[in-house]
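Below: the structure, in structure tokens.
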Amino acid sequence: MTRAASQTKQTEAKATAIAQARAVAPGVPARIGSTPATKYRGNPAIFGRLVEDHDKHRALLAMIDATSPKDPARKALFEEFVRDVHGHAAAEEQALWSTVMRNPETTEFARHAVGDHHKLDKLMADAAARDIEAAGWLTHFAVLKEEYLEHILEEETEQFVEAEKTLSDEDQRYMHKVFNRRKKAEKAAAVIEQKIALKPIA
């Protein structure tokens, strides 16, 4: 594949992911700006599929930021973000990290990614427990947004790179299928937990 064709494929993949987010609230702008460079965007195997979700989540976060406190779109976007992230994380752990964790060379990368998922669960529960129409809600949301963006940057630039070294092309294609199947089920079953954090989440 030529460099131009690869860039076109990446651009199309990113646009598709953003369109998925915009479908939740078409009237809200989805200005995610530039995204970290990754060779996986547009890839047909597991890592490309995960980046597709990441781009959708980047768009949802930007759209939530663009809403006003009384805008009903804020609640719809936040609930879609939480359910999609829950489904994504659970399916990612089952399809990818459960296998990667068994390899001594990549165990720590997998454990770190899964640990981040638990931290994000607590931050989402904290934001969900607070009054989404309050003027200060975006302050709590900003912590979640920053942590999530940092998490997916680390996955795309470090953890996926290391995991890929231990996986065959066949492994990656199989994981893609498992991920899609599990994400659909996990997202459908996702519950938006509400629990205010009484101390900083570390």
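The values are calculated or read from the model by the stated rules, or taken from the named source; none is laboratory data. Here the structure is a predicted model, which is why all the values come from computation and not from measurement. No Cβ is skipped: glycine too gets one built from the backbone with ideal geometry, and neighbour counts run over all protein chains shown. Calculation scope for accessible area: heavy atoms of the full protein, side chains included, ligands and nucleic acids excluded. Shrake-Rupley method; radii C 1.70, N 1.55, O 1.52, S 1.80 Å.
Quick check: from the Cα gyration tensor, does the chain come out rounded (a/c under 1.5), prolate or oblate?
Because a/c hits 1.5 or more and a/b fails to exceed b/c, the chain counts as oblate.
Compute the accessible area per residue over the range 36-79, keeping the other protein chains in place, probe 1.4 Å, unit Å².
32 Å²
If DNA, RNA and ligands are ignored and the probe is 1.4 Å, what is the ranking of GLU80, GLU146 by accessible area, most exposed first? Intermediate values should be presented prior to the final figure.
Values: GLU80 35, GLU146 125 Å².
Putting GLU80, GLU146 in descending order of accessible area: GLU146, GLU80.
Tabulate in residue order the Karplus-calculated ³J(HN,Hα) for the range 95-107, using 6.51 cos²θ - 1.76 cosθ + 1.60 with θ = phi - 60°, rounded to whole Hz; enter x for Gly and Pro.
7, 10, 5, 4, 6, 4, 5, 6, 8, x, 5, 10, 4
As a test of the formula, what do you get for the chain when each DSSP H run with n ≥ 4 contributes -39,500 (n - 2.57) and the sum is divided by the residue count, at 222 nm and rounded to the nearest 500 deg cm²/dmol? Intermediate values should be presented prior to the final figure.
Working: 7 runs with 128 residues, N = 202.
After summing the helix terms and dividing by the residues of the chain, the value is -21500 deg cm²/dmol.
In the neighborhood of HIS151, defined by Cβ-to-Cβ distances under 9 Å, what is the net charge if each Lys or Arg adds +1 and each Asp or Glu adds -1?
-4
Which value in nm describes the separation of the simple spin-label points at ALA142 and GLU105, placed 7 Å from the Cα toward the beta carbon?
4.3 nm
Positive end of the dipole of the range 1-156, charges at C-beta (+1 Lys, Arg; -1 Asp, Glu), about the Cα centre: which of LEU123, PRO36, ALA5 has its Cα farthest in that direction?
Farthest along the dipole direction, towards plus: ALA5.
Relative to the first principal axis of the alpha-carbon coordinates of the chain, what is the inclination of helix 137-154, with its axis defined by its Cα atoms, in degrees from 0 to 90 and to the nearest 10?
With rounding to tens, the tilt is 10 degrees.
Please list 3J(HN,Hα) in residue order for the range 71-84, calculated via the Karplus relation 6.51 cos²θ - 1.76 cosθ + 1.60 where θ = phi - 60°; whole Hz, with x for glycine and proline.
Taking θ as phi minus 60°, the curve returns 6, x, 5, 4, 5, 4, 5, 5, 5, 5, 4, 5, 5, 5 Hz for the range 71-84.
If we count every other residue with Cβ under 13 angstrom of ALA142's Cβ, Lys/Arg +1 and Asp/Glu -1, where does the sum land? Can you show the working numbers first?
Values: positive: ARG130, LYS145; negative: ASP65, ASP126, GLU146, GLU147, GLU150.
Once all neighbours under 13 Å are counted, the net charge is -3.
What does the charge count near ARG182 come to, summing +1 for each Lys or Arg and -1 for each Asp or Glu among other residues with Cβ under 10 Å from its Cβ?
Net of charged neighbours comes to +2.
Return, ordered by residue number, the residues of the range 26-52 whose backbone nitrogen is under 20 Å from a label point located 7 Å along Cα→Cβ of ASP65.
So the set is 26-38, 51-52.
Given the whole protein assembly as supplied and a 1.4 Å probe, what does the accessible area of LEU153 come to in Å², nearest 10?
The value for LEU153 is about 70 Å².
Going highest first, how would you order 117-125, 30-38 by mean Cβ packing within 10 Å?
Going from most to least packed, we get 117-125, 30-38.
With +1 on the Cβ of every Lys and Arg and -1 on the Cβ of every Asp and Glu, and nothing else charged, how large is the dipole of the chain about its Cα centre, in debye rounded to the nearest 20?
580 debye
Over the chain, what percent of the accessible surface lies on carbon and sulfur atoms, probe 1.4 Å? Walk me through the numbers before you get to the answer.
Values: 5530 of 10440 Å².
Using a 1.4 Å probe with all protein chains present, the chain comes out at 53 percent carbon and sulfur.
So how far apart, in nm, are the two label points at LYS122 and GLU158 if each is 7 Å from Cα heading toward Cβ?
1.9 nm
Over 26 Å between Cα atoms, which of LYS14/LYS122; LYS39/LYS75; LYS145/LYS195 qualify? Intermediate results must be reported in sequence, preceding the final value.
Numbers: LYS14/LYS122 28 Å; LYS39/LYS75 33 Å; LYS145/LYS195 17 Å.
Checking Cα-Cα distances, LYS14/LYS122; LYS39/LYS75 exceed 26 Å.
At what distance in nm do the modelled label points of LYS195 and TYR174 sit from each other, each positioned 7 Å from its Cα along Cα→Cβ?
3.5 nm
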